[in-house]
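Every number in this text was worked out from the coordinates using simple rules, so none of it is lab data. The structure presented is a predicted model; accordingly, all values stated were derived computationally and were not measured. In this analysis, Cβ positions are derived from the backbone assuming ideal geometry, glycine residues included, and neighbour counts consider all displayed protein chains.
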Amino acid sequence: MTQTPDADTKGVPEVHEITVPVKGMTCAACERKVSKALGALPGVDHAEASAKSGRVVLTAVDRPSDDVMNAALAKAGYSIGSDPWVSKDFSVWRTFVISAIVVGLAVYFAWSLGLSELPSKLTDPNSGGLMLVLVLGLTAGVSTCMALVGGLVLAISASHAATLARSGRPEPSFATRMRPHVMFNVGRIVGFALLGALLGVVGGALSLPPALMGLLLVGVAIVMGLLGLRLTGVFPRLSAWNLSLPSGFSRLVGLGESADDYTDWRAAVLGAATFFLPCGFTQAVQLYALSTASPLTAALIMATFAIGTTPGLLALAGVPEVATGKSRDTVLRVVGVVVICFALVNALGGLRLLGYQIGSTTPTAEVSQQAAAQQVSSNVTVANGVQTVTMTQKPDGYFPADTVVYAGMPIRWAINATSQYDCSAFLTVPSLGVRANLTAGANQVDLPALPEGTTPFTCVMGMYSGTLVAVAPPAS
């Protein structure tokens, strides 16, 4: 603790600046509570708290005792001291490790049992109309798109629950705790309807270039990863980290400076903004809405899709809100691990869209052997100076995912799409700037002659990927 005297030139009591470390501050609301608690102590003229530094600066004639300050801080949920970078609480690490193992095993068994394809199997491309759109929305609410919207909702829900736990106010009702999420989904439905109508008017798909999508996914992953680490509690000083927007933009959309300035408008705007996230389901429905060329019909289609996603999102948001008392801290730590998993999915997808070969973009051993022998794959035929690559698109990726082709020869890519309502139906080759929206049945994508080496391709979210390995043609 430091204190700096001000010059006393008129016989008035000398005023000091006293710096006090405070544990537990994580946001602007915490800063105001700590400032108010210590600023009300006898002899203190002013208190200015900073969550980032973990300190509060008092302007006072006399320094209050530690016991007095601790008593005042305890009523607001804080105490004197500094948060460590790494938690020394065994229970925190135990919950983190167990949660990571359980989530990892759940993901492994889901993929092993084919449950990852279940959402796609619930949809029938041969049926149409708003019922299909509603089913697609219900499916999107529990599918891979949850890595974007679900991760955001989960982080908001957990942060909101943590804020209520630190508020010191009587336990609010479940309806009060769920209010931000209800407004998030209301904004999502209304926003999707308005932006859907815009699709019908403009007549152009709202899609981003692959590189920009990749950067967006990586950015979302970083934010979600930090939020997840904050919730786990394993790095206490990260709790002071908070994402903030420029003040001008915050005032424009009605975002307050802290959780105490919450407005329904804020939650609604965030919900509407998810329209622009690169989810395969969302983009499939956007294209469907676009094809109607009718603002009213397109608005109805997008609103119906958003309504379909609501049950899954509200159920996910309610997980940390249902827990009360001591169990809430444990639930928030588990939620933090899940958010980190969502962040990893987004990060891998974003890196693939940016052209980095991650995970499944590495050619298989069989393809590597074919490349070494300068032989094209069995799904490649050559005629009249053009090579045709045959591939099948399924809900869980591309088959075969890796293909050896000849370098220096144009490619006619014949793709048989079996499901047009999945992320894999939106194919992109980042290094070539090529993008294809696959429709059910036969599709043809023309590619230029490739140089020797590996050219990765991926779905629009980077969830499913493959490679085209170009080798030198035979001398003959």
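So here's what we get for this one:
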quantity	calculated
454, 309 arranged by Cβ crowding within 10 Å, fewest neighbours leading	454, 309
FRET E, pair residue 382, residue 472, Förster distance 22 Å, beta-carbon r, rounded to 0.05	0.95
Residue exposure sequence - 402, 62, 67, 83 - by fewest surrounding Cβ within 10 Å	67, 62, 83, 402
Which of 366, 48, 31 has the fewest Cβ neighbours within 10 Å, and the rest in rising order	366, 48, 31
Fully extended contour minus Cα-Cα distance, from residue 107 to residue 399, at 0.36 nm per residue	102.9 nm
Gain in span if fully extended, residue 366 to residue 449, counting 0.36 nm per residue against the direct Cα distance	27.6 nm
Three principal axis lengths of region 338-476 [C-alpha, angstrom, descending]	55, 30, 24
